[in-house]
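Accompanying notes for the structure given below.
The values are calculated or read from the model by the stated rules, or taken from the named source; none is laboratory data. None of the values given here were measured: they were computed from a predicted structure. As a convention, Cβ positions derive from the backbone with ideal geometry for all residues, glycine included, and neighbour counts pool all protein chains shown.
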């Protein structure tokens, strides 16, 4: 997904479009590792050094509320932007 695609997706979901939210979603879109919020924060912090953990957690909760991500709970909550169920 391009940044424009992400912004359009946010508008469709009635989410405020911010550079930080776009970066967080971009991290999720380009990984298959199901990162934790802290791992996402570490990746986004390079582009946004002043971003807080609270911003990442709030954004992930907002994404979950509108169906853009789903939490994967193990010892730590991890997030996935691929909403297709997996089969084992």
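Inside the stretch 32-69, residues that are in a loop (DSSP other than H, G, I, E, B), over 20 Å from residue 85 (Cβ atoms) and touching a helix residue (DSSP H, G or I) at 6+ places or on another chain (Cβ under 6 Å) make up a count of 3.
Taken across the stretch 61-81, residues that are within 10 Å of the chain's Cα centre (by Cα), at pLDDT 90 or above and surrounded by fewer than 16 Cβ atoms within 10 Å (Cβ to Cβ) do occur, with at least one present. Please verify whether residue 79 is closer than 18 Å to residue 1 by Cα, in contact (Cβ under 8 Å) with a residue 40 or more places away in the chain, touching a strand residue (DSSP E or B) at 6+ places or on another chain (Cβ under 8 Å) and not in a loop (DSSP other than H, G, I, E, B), treating the condition exactly as stated. Judged against the criteria, residue 79 is a match. Taken as a whole, the condition of being in contact (Cβ under 8 Å) with a residue 24 or more places away in the chain, under 20 Å from residue 80 (Cβ atoms), outside any helix (DSSP H, G or I) and more than 11 Å from the chain's Cα centre (by Cα) applies to residue 15.
Being touching a helix residue (DSSP H, G or I) at 6+ places or on another chain (Cβ under 8 Å) and not in a helix (DSSP H, G or I): is that true of residue 23 here? So residue 23 does not fit the description; no.
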